[in-house]
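This report concerns only the one structure given below.
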Amino acid sequence: MTTTAAVVAFDQVSKAYGSVRAVDGLTLSLHPGETVALLGPNGAGKSTTLDLLLGLKQADSGSVRLFGGTPREAIVAGRVGAMLQSGGLMDEVTVAELVRLACDLHPRPYRVSDVLSRAGVEQIADRKVNKLSGGQAQRVRFALATAGDSDLIVLDEPTTGMDVTTRQAFWATMREQADAGRTVLFATHYLEEADAVADRVLVLHRGRLLADGTAAEIKAKAGARRIAFDLEGAIDETALRALPFLTTIDVSGATVRIQSSDADATVHALYGLGLYPRNLEVAGLGLEQAFVAITAAEEAKSL
């Protein structure tokens, strides 16, 4: 964690909808130049957290500060660009007209042509917004979020509907934004994107911050490793399930895939059964498997 003054600071923030606590005592801070992924299962509080950050909702308790002031002050000053899932685009106007409006409204606007080019929508600039595909509409939302020189860019599921090539171009642009000192915060269900792009990962669960660190640190926090191997002949799945430190097992034909909290002990016991695994592989969990393991462990605590 850098010691630079915080771009975003949540201090014991809570927000409830009736008996449901969407955000529960959330404390976190973001700093300049960070690319931060916000992860969590459905109902974890991601959208509410972003709404609180952008001043679209007010916290029941605690404080949300952007650049030392209120969210509204930061947004009015043009320091925040946002790309949200909610809210539609204006119909019956062209892409260029909509982007030009966003530039005109921004206190520190970029040139319209530059915004169109950066978002990869210059070829559809004359198309009516209501005639766009889902991926094209996402790129237009990105253009609106980056219409001016903002210090914080907030993205909610930004690459939904984009093809692989467009996603790669999008994240290359986001890396350029972070390299220029801007803070990028994005919520996503594409965990491979978080693994590849984010230099910091926040995991929310029931409105609480469950994990905060690099993707590698989040994987290590899960405390499990993957073991894969092939076996010849009939497989005694009951014996395999009795292996020590086993957390999950999947048998598909001759291939066995295991997750273990102590891979060394599990493999040692595997040989102790008199088995001779072929093509043995032991590796750390991917971010997706680590995410599932961490959230499942937290769910188990509440049972």
Right, VAL256: at negative phi, assigned by the TED database to the domain that holds VAL20, in contact with a strand residue (DSSP E or B) (Cβ under 8 Å, 6 or more places away or on another chain) and not basic (Lys, Arg) or not?
no
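In the list ALA228, ALA224, ALA196, which residue meets the criterion of being open to solvent by 20 Å² or more (accessible area, probe 1.4 Å) and out of contact with any Lys or Arg (no Cβ under 9 Å at 6 or more places or on another chain)? Can you show your working first?
Details: ALA228 fails: out of contact with any Lys or Arg (no Cβ under 9 Å at 6 or more places or on another chain); ALA224 fails: open to solvent by 20 Å² or more (accessible area, probe 1.4 Å).
Just a single option satisfies the conditions, and that option is ALA196.
Looking at VAL36, VAL80, VAL64, can you tell me which residue is under 16 Å from GLU157 (Cβ atoms), in contact with an Asp or Glu (Cβ under 9 Å, 6 or more places away or on another chain) and modelled with pLDDT of 95 or more? Give the derivation first.
Details: VAL80 fails: under 16 Å from GLU157 (Cβ atoms); VAL64 fails: under 16 Å from GLU157 (Cβ atoms).
So the residue among VAL36, VAL80, VAL64 that is under 16 Å from GLU157 (Cβ atoms), in contact with an Asp or Glu (Cβ under 9 Å, 6 or more places away or on another chain) and modelled with pLDDT of 95 or more is VAL36.
So, in region 43-80, how many residues would count as being without any contact (Cβ under 8 Å) to a residue 60 or more places away in the chain and on the phi > 0 side of the Ramachandran plot? Spell out the reasoning first.
Looking only at region 43-80, we keep the residues that are without any contact (Cβ under 8 Å) to a residue 60 or more places away in the chain, and these are 51-52, 55-65, 69-73, 75-77.
With the extra rule that they be on the phi > 0 side of the Ramachandran plot, the set shrinks to 55, 62.
Counting residues in region 43-80 that are without any contact (Cβ under 8 Å) to a residue 60 or more places away in the chain and on the phi > 0 side of the Ramachandran plot gives 2.
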In region 199-220, which residue that is of a type outside the set (A, V, I, L, M) and free of Cβ contacts under 8 Å to residues at least 60 places away in the same chain is surrounded by the most Cβ atoms within 10 Å (Cβ to Cβ)?
GLY213
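Considering every residue within region 69-82, establish whether at least one is open to solvent by 60 Å² or more (accessible area, probe 1.4 Å), within 24 Å of ALA187 (Cβ to Cβ) and not in a helix (DSSP H, G or I).
The initial filter retains those residues of region 69-82 that are open to solvent by 60 Å² or more (accessible area, probe 1.4 Å), namely 72-73, 75-76, 79.
Those left that are additionally within 24 Å of ALA187 (Cβ to Cβ): 72-73, 75-76, 79.
Filter once more, keeping what is not in a helix (DSSP H, G or I): 79.
Yes, region 69-82 has at least one match.
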For region 1-21, give me each residue that is part of a loop (DSSP other than H, G, I, E, B), at pLDDT 90 or above and open to solvent by 70 Å² or more (accessible area, probe 1.4 Å).
GLY18, SER19
With respect to ASP24, determine if the residue is under 20 Å from the mean Cα position of the chain (by Cα) and of a type in the set (Asp, Glu).
yes
Any residue at all in region 239-246 that is in contact with a strand residue (DSSP E or B) (Cβ under 8 Å, 6 or more places away or on another chain), assigned by the TED database to the domain that holds ARG278, in a loop (DSSP other than H, G, I, E, B) and under 27 Å from ASP195 (Cβ atoms)?
yes
Say we look at region 29-63 and pick out the residues that are open to solvent by 20 Å² or more (accessible area, probe 1.4 Å) and of a type in the set (A, V, I, L, M, F, W, C); which of these is farthest from LEU84 (Cα to Cα)?
ALA59
Within region 136-166, residues being open to solvent by 10 Å² or more (accessible area, probe 1.4 Å), assigned to a helix (DSSP H, G or I) and under 26 Å from ARG100 (Cβ atoms) number 7
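With the structure loaded, tell me whether ARG111 is in the same structural domain as PRO158 (by the TED database), at pLDDT 95 or above, of a type outside the set (Val, Ile, Thr) and more than 20 Å from ALA169 (Cβ to Cβ) or whether it fails that test. Quick ask: steps written out before the conclusion?
Details: in the same structural domain as PRO158 (by the TED database): yes; at pLDDT 95 or above: yes; of a type outside the set (Val, Ile, Thr): yes; more than 20 Å from ALA169 (Cβ to Cβ): no.
Criteria not met by ARG111.
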LEU101 fails exactly one of (1) open to solvent by 70 Å² or more (accessible area, probe 1.4 Å); (2) among the aliphatic types (A, V, I, L, M); (3) part of a loop (DSSP other than H, G, I, E, B), namely (3)
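The values are calculated or read from the model by the stated rules, or taken from the named source; none is laboratory data. Keep in mind the model is a prediction, meaning the values are calculated, not measured. Cβ sites come from the backbone with ideal geometry, for glycine too, and all protein chains shown count toward neighbours. Areas reflect the complete protein model, heavy atoms only, side chains present, ligands, DNA and RNA absent. Shrake-Rupley method; radii C 1.70, N 1.55, O 1.52, S 1.80 Å.
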